[in-house]
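Structure, as structure tokens:
Nothing in this text is a laboratory measurement; each read-out follows from the coordinates by a stated rule. Keep in mind that this is a model prediction, so the values were computed, not measured. Using ideal geometry, Cβ is built from the backbone for each residue, glycine included, and neighbour counts are taken over all protein chains shown.
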Ligand code: HEM
């Protein structure tokens, strides 16, 4: 019997056919569109309804495909740890295949492992310390342009700041005039990932996304000769010099593809997390004061790499922001072989979805999950330790976010400078409305009251 004829737990799977998901509860929605519009309106409410109706394993149809959702922390662990090498990421992230076809997250198994090993050189402590200097200077420079206002749109300001940091740390560039063009290119790529029309026709979101990809790849490619020769400490230069175990370098095509994905993965996620965090600091002034006190206790204008771990409360608020509104709420995979989960036999060649976002909101793990309560991460409460995958905004297993420590460092460096100089408050009666996918962002730019300390 071959792999495709047996389930990974050893029993015979249902024969793949047109109705091969018939035995799985749930429904696929309308022909062609499935339930895409209902899902896009509010993905969390969509999955809540489905789960209440069907239980922890159910099928649904979005973006022209059929997917089986596996709900819960056990499901996250089973799929992401993938001990039996069933679940591929490339076909799981099929919505990104025209935009980031060769990014690290879209590589699988041995090919993924070898690329990740080369890339990891750029995330070792020595380069991280160099990035830290660039981050601190970049934050100070960008923040100088921020003026106190009763209606300061935080989201576009922080998006611009993280783009400038990305250009400096990842590319070794000071961007000026090109900032708006680069920013728009990333916006177009990300928007295309959830485009309802999946063909790159002119005038469509996917058309704009594919054009943006071509622009960015050319932009990076032009810089390769200089980065290969130079001795820069930016990530681009690291990728130009990093080698595999047998001494092979990344090719030019691989470098530009990796940079394109990495900048997107770093930029929008951190922007989203910082927007949630600053909203929370504005909404909960006691937390804002406590974090400011911690920041001031370091007694330095910029936080040193060696002092990052002293910012414990900052970390607690960051963790809670990631639980409350995770930048990557759903993680897709593709089952290459049949398997069994939750009492169901799921055939091979099936798209799978697991969700750190849904698990972050379950009262099976968290106490009053709808409350923003950073103390749930304190040592004496430690709600995040109730399950290995209770808190997994950075994913887990082979594809666990390679930039997790970088993101944590950037967030601490930002908050450390920001709270020394500014106070934030929410306008009276204001509640932001958030768009949840592909990466959460406030629909109205997050207008806050910004004043000097
Ligand atoms: C708060 C910020 C961030 C969050 C919440 C986040 C979240 C994630 C998640 C959930 C994954 C796993 C996806 C999967 O398993 O399919 C991932 C992968 C990845 N992230 Fe992040 N990320 C963040 C910041 C960053 C930063 C700053 C970088 C780069 C410096 C980065 C680069 C990557 C890369 C390259 C991958 C693919 C890893 C692989 O496939 O081996 N991310 N991220």
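Structure above, values below:
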read-out: Efficiency of FRET between residue 241 and residue 453 - r from beta-carbon atoms, R0 45 angstrom, step 0.05; value: 0.60
read-out: Net length gained if the chain between residue 367 and residue 379 were fully extended (0.36 nm per residue, minus Cα distance); value: 2.8 nm
read-out: Order by protection proxy (mean Cβ within 10 Å, highest first), peptides 246-253, 148-155, 445-452; value: 445-452, 148-155, 246-253
read-out: Cα→Cβ-extended label distance, 7 Å offset, between residue 49 and residue 215, nm; value: 3.7 nm
read-out: Theoretical FRET efficiency, 1/(1+(r/R0)^6), r = Cβ-Cβ of residue 226 and residue 151, R0 51 Å, to 0.05; value: 0.75
read-out: Overall form of region 46-177 per C-alpha gyration tensor (a/c, 1.5; a/b vs b/c); value: oblate
read-out: Sites residue 42 and residue 174 - FRET efficiency at Förster radius 45 Å, r taken between beta-carbons, to 0.05; value: 0.65
read-out: Relative contact order for region 53-185, counting Cα pairs under 8 Å that sit 6 or more residues apart, in percent; value: 11 percent
read-out: Using alpha-carbon coordinates, inclination of helix 404-421 to the longest axis of the chain, degrees; value: 40 degrees
read-out: Extended-chain gain in nm, criterion 0.36 nm per residue less alpha-carbon gap, residue 340 and residue 286; value: 14.7 nm
read-out: Relative contact order (%) - the chain, alpha-carbon pairs under 8 angstrom, separation at least six; value: 24 percent
read-out: Peptides 162-171, 208-217, 331-340 ordered by average Cβ neighbours within 10 Å, highest first; value: 162-171, 331-340, 208-217
read-out: Gain upon complete extension [residue 431, residue 254; 0.36 nm per residue less C-alpha separation]; value: 59.4 nm
read-out: Contact order relative to length of region 384-453, as percent, for alpha carbon pairs under 8 angstrom and 6 or more apart; value: 27 percent
read-out: Shape call, region 168-237: gyration tensor on alpha carbons, a/c limit 1.5; value: prolate
read-out: Rounded, prolate or oblate (a/c below 1.5 giving rounded, otherwise prolate when a/b exceeds b/c) for region 36-452 by Cα gyration tensor; value: rounded
read-out: Euclidean distance between Cα centres, region 197-218 to region 399-436, Å; value: 30 Å
